Amino acid sequence: MPETPEMTPQAQAEILAKALPYMLRYDEQTVVVKYGGHAMGDPELARAFAEDITLLKTSGIHPIVVHGGGPQIGRMLDKLGIKSEFRAGLRVTDKATVEIVEMVLAGGINKEIVQAINREGGRAVGLCGKDGNMVIVRKATRTMIDPDSNIERIVDLGFVGEPDTVNPAVLRMVSKEDLIPVVAPVAPGLDGETYNVNADTFAGAIAGALSAKRLLFLTDVDGVLDRDKRLIKELTVAEAKRLIDDGTISGGMIPKVETCIEAVERGVEGVVILNGKVPHAVLLELFTEHGAGTLITP
Ligand SMILES: Nc1ncnc2c1ncn2[C@@H]1O[C@H](COP(=O)(O)OP(=O)(O)O)[C@@H](O)[C@H]1O
Ligand SMILES: CC(=O)N[C@@H](CCC(=O)OP(=O)(O)O)C(=O)O
């Protein structure tokens, strides 16, 4: 990350004063930040992210971090020689895979983020969907057209869940205190088994249940890109659905955009997909006029 140029104390004070209207806008409001696995990895960026989250909390906002870790799960499965594949942007998850998913997400990455925030002076608490029965899921199913027969088939994704009920009591309790919830997208199913949940879907369900003011998705691209790889700054729900249908939006961007659509339809204000590889992406988005990324609108 480049060094920040030296600033006079006067200039520093002016910058702080400029943040005041934004601080007032979000005062006591819930902001859900989805921290994608592709946005993680660089220690300096991770530190800047932890600083941003700590600063939000210190200025009276209630940030909730939901994290992913798809690439990190992939690397661990590779190491262990467990094959893994994605269908419709979701990892097909058998029993052995879900154990690794829980270990990597709720065990490894969750605690790394908690520690990073705490190192910056915040007080983070690591949770997953199991804690306080926060998120209960049902088994997810998807249909796909079989390219050989052209017949629509149901794809069995194994232990992949979709939020069925969200009980935000634990999150409210933690957020009310001086604590920052950091949540891994692993949750119990209605059948009592452990399920792997796409982190975007998980973040959307939490933002909806808490009527969050903002839902930010930090990923590794500037936002939703068109066919010529240009950033689409604003996307309506109808346009987003069309871009999924015509294949412009694919892979991991599908669950992200689908979640944005649902969140907007459920009344979450300000749903944005932005590049988490830009230092202080969260502060830039919330505390300056520099609205980056793709804003999804009704
Ligand atoms: N139209 C699109 N615009 C932007 N990214 C897209 C698009 N279609 C597919 N993608 C892919 O989606 C990826 C982001 O989703 P994902 O890999 O799940 O990230 P994360 O780990 O941050 O959730 C991008 O890196 C890109 O490869
Ligand atoms: C069902 C499913 O696909 N779960 C995801 C959970 C992690 C995730 O979503 O991580 P990112 O946000 O980094 O993509 C997975 O196993 O990769």
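General remarks:
- Residue within segment 85-98 that is of a type in the set (D, E, K, R) and free of Cβ contacts under 8 Å to residues at least 60 places away in the same chain present: yes
- Filter result for residue 208 (within 16 Å of ligand 2 (Cβ to nearest atom) and either in a helix (DSSP H, G or I) or touching a strand residue (DSSP E or B) at 6+ places or on another chain (Cβ under 7 Å) (or both)): no
- Test for residue 192: is it without any contact (Cβ under 8 Å) to a residue 40 or more places away in the chain and buried (at least 24 other Cβ atoms within 10 Å of the Cβ): no
- Within segment 23-57, being in a loop (DSSP other than H, G, I, E, B) and within 17 Å of residue 126 (Cβ to Cβ) holds for one residue alone: 40.
- Here segment 211-224 is the region considered, the condition is being assigned to a strand (DSSP E or B), touching a strand residue (DSSP E or B) at 6+ places or on another chain (Cβ under 6 Å) and more than 17 Å from residue 175 (Cα to Cα), and the residue that is farthest from ligand 1 (Cβ to nearest atom) is 216.
- Considering segment 262-284, the residues that are touching a residue at least 24 places away in the same chain (Cβ under 8 Å) and part of a helix (DSSP H, G or I) include one that is nearest to ligand 1 (Cβ to nearest atom), namely 281.
Here's the yes/no breakdown for (1) within 15 Å of ligand 1 (Cβ to nearest atom); (2) outside any helix (DSSP H, G or I); (3) crowded, with 22+ Cβ neighbours inside 10 Å:
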residue: 238; (1), (2), (3): no, no, no
residue: 247; (1), (2), (3): yes, yes, no
residue: 260; (1), (2), (3): yes, no, yes
residue: 289; (1), (2), (3): no, yes, no
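- Qualifying helices (runs of 4 or more DSSP H) (wholly inside segment 58-159; at least 3 residues being closer than 30 Å to residue 24 by Cα and not charged (D, E, K, R)): 110-119
Coordinate-derived values only; no laboratory data. Note that the coordinates shown come from a computational prediction; the quantities given were computed from them, not determined experimentally. Cβ coordinates were reconstructed from backbone atoms using ideal geometry, including for glycine residues, and neighbour counts include every protein chain displayed.
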